[in-house]
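Novice: Take this structure, written in structure tokens, and hold onto it; I'll ask about it next.
The values are calculated or read from the model by the stated rules, or taken from the named source; none is laboratory data. Keep in mind it's a predicted model, so treat the numbers as computed, not measured. Reconstructed Cβ throughout: ideal geometry from the backbone, glycine too, with neighbour counts over all protein chains shown. What goes into the accessible areas is simple: the full protein's heavy atoms, side chains included, and nothing from ligands, DNA or RNA. Shrake-Rupley method; radii C 1.70, N 1.55, O 1.52, S 1.80 Å.
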Amino acid sequence: MLIIKNIKSINSKINSLKRSGRSIGFVPTMGALHEGHLSIMRRARRQNDIVVVSVFVNPKQFGLNEDFARYPRQEKKDHLLAKKEKVDIIFYPSIEEIYPTRYLTYINVEGISRILCGHDRPVHFKGVTTIVGKLLNLVRPDNLYLGQKDAQQVIVLRKMIVDLNFPVKVRVCPIVREPDGLALSSRNKYLTNQQRLESPVLFQALKKAKIKALKENVSVKGVLNLMKSNITKNSSGSIDYIACVDADSLVPLDVIKGRVMIALAVKFGKTRLIDNIVFRKDDGKKK
Ligand code: PAF
């Protein structure tokens with residue numbers, strides 16, 4: 001596995017791979033790799049000649065009072081994990097390499113970057129689109145692999161890719177969960193023992209919401225209220241948002257119909273966890 005730390009070297013390596021006509025699968029990460037990332041790497045491995053993983057804790061996607069400084073960093077362990085998954089190249093740039101002094105250019109997907117998670121984290125998605133745009137220019141992959149856990153990130157990045165004509169296919173990989181249902185996340189490490197015990201309530205609430213939502217004549221409000229009471233009664237979590245939206249556009253639903261996503265963000269102390277569930281509800285009428 002090749003470890004590349006600067007832009008000059010990634011450019012020349014990608015140039016030669018492109019000349020040889022090999023397909024490139026790209027998995028962008030912020031490191032602290034866990035089974036969720038590894039399952040994405042395995043899929044990329046199966047579908048491409050070359051797999052490139054980036055590890056970069058992107059300061060531009062963290063707000064001032066967020067966890068940039070304490071975000072887990074484990075360079076050596078990440079290298080070993082990526083090597084085990086037969087990753088070909090790990091791109092590990094420094095902050096100065098990516099954002100040199102007097103850096104001024106950003107990518108912003110309007111509207112959908114400021115709702116749901118973007119409401120509480122106003123700079124987050126602008127930071128994500130900027131870094132992923134830059135990485136796509138550097139790695140020039142055929143396939144970009146993203147995790148469904150960050151469902152809004154997937155939708156915002158898809159929009160950027162369409163609007164700015166990046167020649168890449170987006171491959172979305174399923175959420176990987178602990179046996180008790182907690183979605184894997186690098187931030188789970190922050191949870192206290194008590195918070196960790198309570199955290200499966202999020203997926204339980206999502207599953208119950210889906211069961212209710214699939215019944216006839218159920219209102220969005222009814223489903224969201226059920227979730228709220230489920231979470232507040234059974235945990236110390238404080239709800240940032242729970243939303244029932246169209247799974248492709250993020251438009252809030254008045255009626256539960258079509259490809260539906262129920263998404264949430266809940267804080268346990270300072271730790272903000274997100275999760276979601278996607279399902280189809282048809283109105284039963286023959287088309
Ligand atoms: O999902 C993440 O880990 C990050 O938001 C990403 C896509 C690597 C951009 O920094």
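Novice: Quick check on the chain: helices-only [θ] at 222 nm, where DSSP H runs of length 4 and up contribute -39,500 (n - 2.57) each and the sum goes over total residues. Nearest 500, please.
Specialist: Helix-only estimate at 222 nm: -11000 deg cm²/dmol.
Novice: As a quick test, which of the pairs 18/84; 13/83; 212/257; 215/257; 8/149; 83/134 have an alpha carbon distance above 21 angstrom in this structure?
Specialist: On the way: 18/84 25 Å; 13/83 18 Å; 212/257 13 Å; 215/257 11 Å; 8/149 33 Å; 83/134 24 Å.
18/84; 8/149; 83/134, as the Cα separations exceed 21 Å there.
Novice: Can you give me the % of accessible surface on region 1-49 that is carbon or sulfur? Probe 1.4 Å, all protein chains present, nothing else counted.
Specialist: Carbon plus sulfur share of accessible area: 47 percent.
Novice: Please report how far the C-alpha centroid of region 86-107 lies from that of region 157-200, rounded to the nearest whole angstrom.
Specialist: Taking the Cα centre of each part, region 86-107 and region 157-200 sit 22 Å apart.
Novice: Something else about it: Dividing the convex hull volume of the Cα atoms of region 20-62 by its residue count, what figure in Å³ per residue is obtained?
Specialist: 76
Novice: Sticking with this structure for a sec: Rank 11, 217, 225 by mean-square fluctuation in a GNM of the chain with C-alpha springs under 10 angstrom and give only the top-ranked residue.
Specialist: Maximum among the listed residues: 217.
Novice: Less than 15 Å Cβ to Cβ from residue 204, Lys/Arg counted +1 and Asp/Glu -1: what total charge do the surrounding residues give?
Specialist: Local charge sum for residue 204: +4.
Novice: Taking the C-alpha atoms of region 219-259, how large are the radius of gyration and the largest Cα-Cα span, Dmax, in Å?
Specialist: 11.6, 33
Novice: If you project the alpha carbons of the chain onto their three principal axes, what span does each projection cover, largest first, in Å?
Specialist: 58, 50, 38
Novice: In the chain, what % of DSSP beta bridges are antiparallel (nearest 5)?
Specialist: Of all bridge pairs located within the chain, approximately 50 percent are antiparallel.
Novice: Excluding residue 90 itself, calculate the net charge of residues whose Cβ lies under 9 Å from the Cβ of residue 90, where each Lys or Arg counts +1 and each Asp or Glu counts -1.
Specialist: -1
Novice: Between 216, 66, 85, where does the largest GNM mean-square fluctuation fall for the chain, given springs only between Cα atoms within less than 10 Å?
Specialist: Looking only at 216, 66, 85, the biggest GNM fluctuation is shown by 216.
Novice: If you roll a 1.4 angstrom probe over the protein chains with everything in place, what fraction of the accessible area of region 201-270 belongs to carbon and sulfur, to the nearest %?
Specialist: Carbon and sulfur atoms account for 51 percent of the accessible area of region 201-270.
Novice: Considering only the other residues whose Cβ falls under 11 Å of the Cβ of residue 248, what net charge follows from Lys and Arg at +1 and Asp and Glu at -1?
Specialist: Within the 11 Å Cβ shell, the charges total +2.
Novice: For region 218-280 and region 3-42, what is the separation of their Cα centres, given in Å?
Specialist: Cα centroid of region 218-280 versus Cα centroid of region 3-42: 34 Å apart.
Novice: Moving to a separate point now. Any idea what % of Cα-Cα pairs in region 1-86 are farther than 20 Å?
Specialist: Numbers: 1509 of 3655 pairs.
Summing the P(r) of region 1-86 above 20 Å gives 41 percent of all pairs.
Novice: Of 51, 162, 201, which is the most mobile in a GNM of the chain whose springs link Cα atoms less than 10 angstrom apart?
Specialist: With Cα springs under 10 Å in the chain, the top fluctuation among 51, 162, 201 is at 162.
Novice: Now a separate question. How much area per residue is accessible in the chain when the probe is 1.4 Å and only protein heavy atoms are counted (Å²)?
Specialist: Accessible surface, normalised per residue, equals 51 Å².
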